[in-house]
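Some notes on the structure that comes next.
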Amino acid sequence: MTASLANYELVTPDSLAEVLDDLAAHPGARPFAGGTDLMVVLEAGHLPAGRYVSMANCPQLRGMERPVAGGLVIGALTTFTEIRESEAIDAGFGMLKQAASDTGGVATQNRGTIGGNIANASPAADTPPVLIAYDAALELLSSAGSRRVPYAAFHRGYKEMDLQPGEIVARILLPARGVGWRDHFRKVGTRRAQAISKVCFAGSILMDGARILDVRIALGSVAPTVVRATAAEAALRGRTLDAQTVAAAIDALTSAIAPIDDIRSTARYRTRVAANLLREFLTQRAAG
């Protein structure tokens, strides 16, 4: 049942400074960007009543840039379409384009933002596993100033974030990448797009011949938050990539995740798919 609009107050400040001031002056007010997830919850009648602050007039939080030191900085209000079409992402961060292309349909990609995907805090979101695999950090902003947090530590529990009252996600900071990393992104769902993932996998590996120098593995929809598979990484790092190493990494991964049964899938299915995606990543990327 759709919620009554009389229960909501919507304001659209004229600038980023006014957004931050409004959030500071109204504890409990909720900022929003594209509103794609918000409208779904509103239509279902589950959106909490209160004050909502639009960030529509914050152009400095849009777009992407390549710092002189390398890496990539993405404004939180950058849409999935902008990410999908950006040439700035081509060098070294291709999994972001894949995740953006698999997020919803064209309408959602045109309006939905990467910052909203993060702050919505869904464990099934498509871009967060990629950001973890790329060692991303977040710039958080409030009227009191800014701070930086590692993205891997940002999600503390289901819908719980390291986000203080009055703070917003302002920018996503991706460090420069060395030469030789091989990436692998897969979303498993009922359909390729327009569907919430049953399992989402992002991996990046650096090898010297058959020896694994370093690796990053992250998954969505297998726990209350997006998961960085540190135990599986430890089982791989410094080892020769062979059948025994792959089996050890899969054992470490399946012991660390905690998927659930829900309307989209079962815990057993998700566990098996996660194991298969890890095996696929290691065998395909190792082969170049």
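The values are calculated or read from the model by the stated rules, or taken from the named source; none is laboratory data. It should be emphasised that the depicted structure is a prediction, and the values quoted were computed from it without experimental measurement. Every residue, glycine as well, gets a Cβ built from its backbone with ideal geometry; the counts of neighbours run over all protein chains shown. When the accessible area is computed, the model is the full protein with side chains, heavy atoms only, and any ligands, DNA or RNA have been set aside. Shrake-Rupley method; radii C 1.70, N 1.55, O 1.52, S 1.80 Å.
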TODO: Go ahead and estimate [θ] at 222 nm for the chain from helices alone: -39,500 (n - 2.57) per DSSP H run with n ≥ 4, summed, over the residue count, rounded to 500.
DONE: -9000 deg cm²/dmol
Open item on the list: Within segment 88-130, list the residues whose amide N lies under 16 Å from a label point set 7 Å along Cα→Cβ of residue 43.
Closed with: 104-112
Open item on the list: Can you give me the solvent accessible area of residue 187 with a 1.4 Å probe, rounded to the nearest 10 Å²?
Closed with: 30 Å²
Open item on the list: Taking 0.36 nm per residue of sequence separation and subtracting the Cα-Cα distance, how much length would be gained by fully extending the chain between residue 146 and residue 73, in nm to one decimal?
Closed with: 24.7 nm
Task: HN-Hα J in Hz across segment 117-124 - Karplus 6.51, -1.76, 1.60, θ = phi - 60°, x for Gly and Pro - done: 4, 6, 6, 5, 6, 7, x, 9
Task: Principal axes of the chain: Cα extent on each, largest first, Å - done: 60, 47, 31
Open item on the list: Give me P(r) over segment 181-286, computed from all C-alpha to C-alpha distances, binned every 5 Å, as integer percentages.
Closed with: 2, 14, 25, 25, 17, 10, 5, 2, 0
Open item on the list: Taking loop as defined by DSSP and a crowding limit of 16 other beta carbons within 10 Å, which GluC sites (Glu not before Pro) in segment 82-128 fit?
Closed with: 87
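State, as an integer percentage, the relative contact order of the chain based on alpha-carbon contacts under 8 Å between residues 6 or more apart.
The value is 15 percent.
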- [ ] Could you calculate the FRET efficiency of residue 160 with residue 18 from 1/(1 + (r/R0)^6), where r is the beta carbon distance between them and R0 is 25 Å, rounded to 0.05?
- [x] 0.35
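Taking all protein chains in place and a 1.4 Å probe, what share, in percent, of the accessible surface of segment 5-54 do carbon and sulfur account for?
Result for segment 5-54: 57 percent of the exposed heavy-atom area is carbon or sulfur.
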- [ ] With a point put 7 Å past each Cα toward its Cβ, work out how far residue 283 is from residue 7 in nm, to one decimal.
- [x] 5.0 nm
Open item on the list: How many angstrom lie between the Cα centre of segment 1-42 and the Cα centre of segment 56-70?
Closed with: 23 Å
- [ ] Evaluate E = 1/(1 + (r/R0)^6) for residue 57 and residue 247, where r is the Cβ-Cβ distance and R0 equals 45 Å; express this FRET efficiency to the nearest 0.05.
- [x] 0.25
Task: Anchor residue 97: lysines whose Cα lies under 19 Å away (excluding residues fewer than 8 positions away in-chain) - done: 187
Task: Average accessible surface area per residue within segment 1-115, 1.4 Å rolling probe, Å² - done: 49 Å²
Task: Cβ crowding within 10 Å averaged over residues, with 220-226, 12-18, 63-69, 127-133 ranked highest first - done: 127-133, 220-226, 12-18, 63-69
Task: Mean accessible surface per residue for segment 133-223, computed with a 1.4 Å probe while every protein chain stays in place, in Å² - done: 44 Å²
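What translational D, rounded to a whole number of µm²/s, comes out for segment 12-159 from Stokes-Einstein when the hydrodynamic radius is the Kirkwood one over Cα pairs, at 20 °C and 1.002 mPa s? Intermediate values should be presented prior to the final figure.
Numbers: Rh = 16.2 Å.
In µm²/s, the coefficient rounds to 133.
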Open item on the list: Let me check the size of segment 5-54 from its C-alpha atoms; what are the radius of gyration and Dmax in Å?
Closed with: 11.1, 32
